[in-house]
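As structure tokens, the structure follows; a few thoughts come after it.
The values are calculated or read from the model by the stated rules, or taken from the named source; none is laboratory data. None of these values were measured; they are calculated from a predicted model. Cβ placement follows ideal geometry from the backbone for every residue including glycine, while neighbour counts extend to all protein chains displayed. Each accessible area value is taken on the protein alone, full model and side chains, heavy atoms only, with ligands, DNA and RNA left out. Shrake-Rupley method; radii C 1.70, N 1.55, O 1.52, S 1.80 Å.
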Amino acid sequence: MNGEHKQRYREKYTNAKQKGVKFFPDIIYKDLLVAFGLFILLIGLAVFVGVPNEPKADPNDTSYIPRPEWYFLFLFQLLKYFPGQIEWIGTAVIPGLAVLALFLLPFIDRNPYRHWSKRKLALGIMGTVVVGIVVLTLLAAFTTPPQPEAAVANTLREQIALGEELYALHCVECHGIEGEGGEIKGVPGLEGVTLKPINDQDVMYPFTDETLYNIIAMGQPLQGMPPFGRAFGGPLSPTEIEAIVAFMRYTWDDRVELPEEETVAAAMPTLKEGEVPSYDVHVAPIFKRYCVSCHVPGKKNNNYLMRTYEEVMTTGDHAPNIIPGDLGSNLIRMVHREEIEAGGPMPPTKALKPELVEILERWVLGGAPETAEQAAQASAKGAPLPTAAAPTEMP
Amino acid sequence: MLRRLFQWLDERLGLTTIHDVVLDRKVPKVNWWFTLGSASLFLFLLQGITGVFLTVYYVPSPDHAYDSVQYIMNEVRFGWLIRGMHHWGANLMVLVVFIHMLRTFFYAAYKYPRELTWISGVVLLLATLGMGFTGYLLPWNQRAYWATTVGTEIPGTIPIIGPFITSVLRGGSELSALTLSRFYSVHIWFLPAVITVTIGLHLYLVIRLGISHIPDEND
Ligand code: HEM
């Protein structure tokens with residue numbers, strides 16, 4: 001830009017300033033308004049969207065699909081076009097040149113004009129770059145496969161519930177539902193071995209959370225306990241093992257107590273006189289805790305799967321195992337520890353608590369409703385008496 | 001009485017001069033896009049405030065970082081709000097700073113006499129991105145860990161000096177406690193200091209040179 005241009009610009013600018021406004025209050029007012037708007041937006045995002053919870057870092061989980069912040073996605077995508085030997089063009093040369101060009105822009109662009117109609121080249125280049133960045137970002141966002149969902153717990157109660165579920169899935173077959181130990185049935189290699197309980201003071205007092213964590217992660221291969229940590233070839237992530245430890249600690253260690261609100265919330269919802277329980281609220285937690293460990297695919301269970309309402313109602317070699325309204329259903333007779341054609345007492349090792357058996361009975365009698373609303377409708381009609389029970393339509 | 005106090009202070013601090021130079025100056029008529037610079041400043045200050053609160057409970061070690069963030073989210077009163085605002089504020093700041101850059105580009109505000117304003121702006125843009133990169137690792141969750149693993153691998157592909165850069169970033173060959181403490185210190189000390197000083201220069205230039213006018217067809 002030569003002296004003449006500079007001179008002209010200065011005059012023009014002084015002129016524009018004279019016709020302009022005062023910084024205070026005109027400009028400040030707009031600035032504050034925008035700042036306030038952003039502040040409200042941020043509070044809204046924090047309250048209504050929040051920060052997604054993620055599991056703890058697990059250096060051994062190489063299956064995790066890395067995902068940079070969204071504003072680095074375009075770089076990430078760019079690199080894909082420079083594989084192997086020429087990778088450094090994408091990682092160093094292009095970004096390096098781009099940053100350099102940005103720094104030197106005032107000296108590269110020597111065009112003295114300022115109105116957009118006289119700067120079509122500069123605007124064209126910048127426009128292309130911005131469109132390129134947006135396109136690369138979108139490409140990256142749509143081509144990165146979704147992350148398999150990982151279990152995360154937000155609160156202590158959720159953590160314990162998750163731990164309970166995982167315990168039921170992985171540990172019950174050897175250590176028993178309540179960690180009571182006893183003789184192992186149906187586990188290849190350990191058939192008939194008797195385990196000490198792990199739910200008493202002998203285990204809970206001397207073992208810290210860290211020791212428990214390590215036992216579960218590394219197993220005790222010499223005694224027959226397999227490793228569960230992913231670092232040792234097992235199926236569980238650190239977050240999941242921590243959840244199991246929390247479950248064990250808060251359930252079996254008589255020295256620790258849940259904060260009061262947690263205990264109330266964790267308790268099974270109580271049933272009023274004449275209220276019909278529903279699968280979602282009352283029955284699923286019982287099955288999850290006491291039955292699912294064996295009643296999943298790949299275990300000996302007469303092909304009776306119990307993970308969802310659908311499965312509970314329809315699967316099994318002697319299906320249906322639940323006939324709504326009929327207390328003679330296989331499942332009810334078996335939890336009463338009868339020996340019938342479909343099999344022996346369920347669960348095989350230890351009887352269900354009578355309160356839980358009662359919930360199952362009231363559920364079957366009430367027509368085995370799935371959701372809380374269906375249960376409420378059934379309650380409104382009045383729960384049928386055992387004598388009046390006759391098979392009704394499936395809900 | 002108040003008047004006397006003000007005069008006493010003014011004589012020593014030059015309040016009237018500051019008022020005249022900073023607040024009472026004339027500026028050309030501009031539009032709403034010109035608020036984005038001060039919006040960036042606002043977001044930076046807000047990040048500073050929420051960030052300071054987060055450091056009260058955050059522990060930068062691989063053993064405790066994740067749990068301390070869980071603690072902030074679940075136990076600390078309004079911890080979730082502070083973290084949420086810091087999280088979204090970071091995203092919004094990148095966006096706002098970038099659009100601010102596009103607006104100064106579009107109105108050719110980088111030309112004479114505002115070249116240095118632009119250059120200091122580029123430093124601010126890079127430092128803001130650096131804040132995002134270093135802050136992303138701090139929660140020490142899966143997303144953080146793997147994104148940073150990949151992110152620090154990238155400079156490693158540069159011939160000859162690449163592996164050296166990666167090992168400086170990581171403080172070793174793998175992500176470790178050293179990486180976390182390095183990122184933490186860069187995130188809360190080094191980059192904020194760079195940004196603060198550069199914003200000082202940036203704003204000094206903006207006030208000294210005045211905000212540019214919107215170019216018309218003859219410009
Ligand atoms: C933390 C980041 C930043 C802050 C806090 C900031 C702040 C500001 C403020 C308050 C202004 C006054 C005018 C306006 O609001 O538009 C301004 C102007 C300016 N900024 Fe920034 N800025 C930042 C980043 C950038 C970046 C990334 C660039 C470009 C690479 C840039 C280039 C400029 C230029 C050239 C002006 C003069 C505009 C004119 O006079 O019309 N700034 N900045």
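Residues of region B:57-80 being open to solvent by 40 Å² or more (accessible area, probe 1.4 Å) and within 14 Å of B:Trp140 (Cα to Cα), which ones? Selection gives B:Val59, B:Pro60, B:Asp63, B:His64, B:Asp67, B:Tyr71. Looking only at region A:301-331, residues that are touching a strand residue (DSSP E or B) at 6+ places or on another chain (Cβ under 9 Å) and not in a loop (DSSP other than H, G, I, E, B) come to 1 in all. Here B:Gly89 passes the criteria (1) surrounded by fewer than 19 Cβ atoms within 10 Å (Cβ to Cβ); (2) part of a helix (DSSP H, G or I) except the one numbered (1). Residue check: B:Asp67 meets all listed conditions (1) of a type outside the set (Phe, Trp, Tyr); (2) assigned to a loop (DSSP other than H, G, I, E, B); (3) more than 7 Å from every other protein chain (Cβ to nearest Cβ) but one, namely (2). Listed conditions (1) in contact with a helix residue (DSSP H, G or I) (Cβ under 8 Å, 6 or more places away or on another chain); (2) of a type in the set (A, V, I, L, M, F, W, C); (3) in a helix (DSSP H, G or I); (4) within 16 Å of the ligand (Cβ to nearest atom) are all met by B:Ile49, apart from (1). The conditions of being surrounded by fewer than 15 Cβ atoms within 10 Å (Cβ to Cβ), more than 10 Å from every other protein chain (Cβ to nearest Cβ) and at pLDDT 95 or above are not met by A:Val130. Would you call B:Val94 over 27 Å from B:Ser185 (Cβ atoms) and open to solvent by less than 40 Å² (accessible area, probe 1.4 Å)? For B:Val94, the condition - over 27 Å from B:Ser185 (Cβ atoms) and open to solvent by less than 40 Å² (accessible area, probe 1.4 Å) - is not met. Consider A:Glu183 carefully, then state whether it is open to solvent by 70 Å² or more (accessible area, probe 1.4 Å), at negative phi and either among the polar types (S, T, N, Q) or within 23 Å of the chain's Cα centre (by Cα) (or both). No. With respect to the conditions (1) within 10 Å of chain A (Cβ to nearest Cβ); (2) touching a residue at least 24 places away in the same chain (Cβ under 8 Å); (3) not aromatic (Phe, Trp, Tyr), B:Thr55 falls short on a single one, namely (1). More than 7 Å from chain B (Cβ to nearest Cβ) and touching a residue at least 24 places away in the same chain (Cβ under 8 Å): is that true of A:Leu78 in this structure? When the stated conditions are applied, A:Leu78 passes them.
Taking helices (runs of 4 or more DSSP H) that fall entirely within region A:1-87, which contain at least 1 residues that are hydrophobic (A, V, I, L, M, F, W, C) and in contact with a helix residue (DSSP H, G or I) (Cβ under 6 Å, 6 or more places away or on another chain)? Hits in region A:1-87: A:28-44, A:73-79. So, of the residues in region B:185-207 that are among the hydroxyl-bearing types (Ser, Thr, Tyr) and open to solvent by 40 Å² or more (accessible area, probe 1.4 Å), which turns out to be farthest from the ligand (Cβ to nearest atom)? Looking at residues that are among the hydroxyl-bearing types (Ser, Thr, Tyr) and open to solvent by 40 Å² or more (accessible area, probe 1.4 Å), I get B:Ser185.
Could you list all residues from region B:79-90 that are more than 14 Å from the ligand (Cβ to nearest atom) and at the interface with another protein chain (Cβ under 10 Å from one of its Cβ atoms)? Scanning region B:79-90 gives B:Trp80, B:Leu81, B:Ile82, B:Arg83, B:Gly84, B:Met85, B:His86, B:His87, B:Trp88.
Test B:Leu102 against the stated conditions and say whether it is at the interface with chain A (Cβ under 9 Å from one of its Cβ atoms), in contact (Cβ under 8 Å) with a residue 40 or more places away in the chain and open to solvent by 40 Å² or more (accessible area, probe 1.4 Å). Talk me through it step by step, then tell me what you get.
Numbers: at the interface with chain A (Cβ under 9 Å from one of its Cβ atoms): yes; in contact (Cβ under 8 Å) with a residue 40 or more places away in the chain: no; open to solvent by 40 Å² or more (accessible area, probe 1.4 Å): yes.
The answer is no for B:Leu102.
Of A:Asn53, A:Asn60, all but one fail to be open to solvent by 60 Å² or more (accessible area, probe 1.4 Å) and either closer than 30 Å to A:Thr144 by Cα or hydroxyl-bearing (Ser, Thr, Tyr) (or both); the exception is A:Asn60.
When you scan region B:140-156, do you find a residue that is in contact with a Lys or Arg (Cβ under 7 Å, 6 or more places away or on another chain) and more than 9 Å from chain A (Cβ to nearest Cβ), even just one? For region B:140-156, residues in contact with a Lys or Arg (Cβ under 7 Å, 6 or more places away or on another chain) and more than 9 Å from chain A (Cβ to nearest Cβ): present.
Would you pick out the residues in region A:319-355 that are under 23 Å from A:Glu173 (Cα atoms) and touching a residue at least 24 places away in the same chain (Cβ under 8 Å)? If the condition is that a residue be under 23 Å from A:Glu173 (Cα atoms) and touching a residue at least 24 places away in the same chain (Cβ under 8 Å), then A:Leu331, A:Ile332, A:Val335, A:Ala342, A:Gly343, A:Met346, A:Pro347, A:Pro348, A:Thr349, A:Lys350, A:Leu352 are the ones that fit. Scanning region B:112-128 for residues being within 7 Å of chain A (Cβ to nearest Cβ) and more than 9 Å from the ligand (Cβ to nearest atom) gives a total of 1.
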